[in-house]
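All remarks here apply to the structure that follows.
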Amino acid sequence: MPTGKASRNAWSKSRPAKDFASLDGSTQVTFYDLLKPHVAKVVVCDPRKNALLKAGNKNDRVDARKLSDLLRAGLLTPVYHGESGVRTLRELSRSYLAASKDLTRVMNRLKAIYRSWAIPCAGQQVYSPRHRAAWLEKLRETGVRRRAEQTYQQLDFLMEIRKETRKELLAESRKHPARKLLEQIPRLGPIRVALLIALLQTPHRFRTKRQLWNYCGLGLRTRSSGEYRYTGGQLQHARKPPALRGLNVNHNHDLKHLFKSAATQAGNDPLGEFYQNLLASGMEPPMARLTLARKIAAIALKIWKKGERFDPAKLKQQAA
């Protein structure tokens, strides 16, 4: 929000961006990057943490006053808004992820047609163009068969779209130097690396690996109460471990799927040995997979941030 002499002139959210350039004083706003060239600082807020906006009446003037109060007190939680250097890669990754999700929906919808008529359709053969005529002959109802034919047309169209988007995504990812660093990590192939660069944009937005874990939905949620008690007339800290309440729910779902799919991928590599050592130490398989996913995320952050090479020997030492 504008501060100083401009405090009276920026109540309306619909004010043209060019008007902010004419305001006196140091101007700060909580808006989109459309205003970035015209102000000193742009704070993109997390609306889920602005509980003050829910209290009392709501209109543009009241919201502006509440946001300015939060900004002045330093209580606004900023959201990372990205860098322009990876914008093309980000848009291509969104297209690829959207095409992949749409393709999965169509494939599930196609199998649902056969299952609704009690026709077993396990495996991938039902999608193959070579066996398509034989599968359509199993549908005796004319309307159902026509519905399946149209679903096959959607399937072919989305496969072609995803193929083209994948090609463009890989070509764009080769322009970023981080690609060669991240592809050293086992189980992070060209597609996962391209998506990782697009979704994270820069490793320097995370000061520690735990911040990355929380962003990816791999951070543990803990709850504790009664941490202090009186013993012999003195207040002492109760050495009671906090209770675990699962993983954090506010996260980037695409990144979580990326690291979890890499952790569940079978392979005879240093990461596979690390996983087997966790199982040998008595850890349950679900917790071992979570630990491996967190380890992959931590390795990717360190290699990307420091420009190091992947060293399997360090991973073996940590496992031991």
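The values are calculated or read from the model by the stated rules, or taken from the named source; none is laboratory data. Values in this document were obtained by computation on a predicted structure and should not be read as measured data. Because the Cβ atoms are built from the backbone with ideal geometry, glycine has one as well, and the counts that use them run over all protein chains shown. Each accessible area value is taken on the protein alone, full model and side chains, heavy atoms only, with ligands, DNA and RNA left out. Shrake-Rupley method; radii C 1.70, N 1.55, O 1.52, S 1.80 Å.
Descriptive notes on the structure:
- Counting heavy atoms of the protein chains alone, Ser95 has an accessible area of about 60 Å² for a 1.4 Å probe.
- Estimated purely from DSSP H runs of n ≥ 4, each contributing -39500 (n - 2.57), the mean residue ellipticity at 222 nm for the chain is -16000 deg cm²/dmol once divided by its residues.
- Probe 1.4 Å, accessible area per residue of the chain, Å²: 62 Å²
- Net charge dipole, the chain: roughly 500 debye, given to the nearest 20, about the Cα centre with Cβ charges of +1 for Lys and Arg and -1 for Asp and Glu.
- Taking the protein heavy atoms of the chain in the context of the full set of protein chains, the accessible area attributed to carbon and sulfur is 51 percent at 1.4 Å.
- Solvent-accessible surface ranking, highest first, for Lys58, Lys295, Lys101 at 1.4 angstrom: Lys58, Lys101, Lys295
- Placing a label point 7 Å from the Cα of Ser225 along the Cα-to-Cβ direction, the residues of the stretch 236-259 whose backbone N falls under 18 Å of that point are 238-246.
- For Val79, solvent-accessible area (1.4 Å; no DNA, RNA or ligand), Å²: 60 Å²
- Tail beyond 25 Å, pair distance distribution of the chain (Cα, percent): 68 percent
- Once backbone amide H atoms are built at 1.01 Å from N, Arg221 has Arg245, Gly246, Leu247, Asn248 as its partners under 5 Å, excluding neighbours fewer than 5 places away on the same chain.
- Vicinal HN-Hα couplings computed from phi for the stretch 194-206 (Karplus, 6.51 cos²θ - 1.76 cosθ + 1.60; Hz; Gly/Pro x): 4, 5, 5, 5, 5, 7, 8, 6, 8, x, 6, 6, 10
- Helix 270-280 vs. the chain, principal-axis angle (Cα, 0 to 90°, nearest 10): 90 degrees
- Of the residues Thr142, Thr77, Thr165, ranked by 1.4 Å probe accessible area with the largest first, the sequence reads Thr142, Thr77, Thr165.
- Largest mean-square fluctuation among Gly226, Gly272, Gly217, in a Gaussian network model of the chain whose springs join Cα atoms under 10 Å apart, belongs to Gly226.
- Taking the longest Cα principal axis of the chain as reference, the axis of helix 142-173 is set at about 60 degrees.
- Phi angles of the stretch 57-69 translate, via the Karplus equation with coefficients 6.51, -1.76, 1.60 and θ = phi - 60°, into HN-Hα couplings of 5, 10, 7, 4, 5, 5, 4, 5, 5, 5, 5, 5, 5 Hz per residue; Gly and Pro are given as x.
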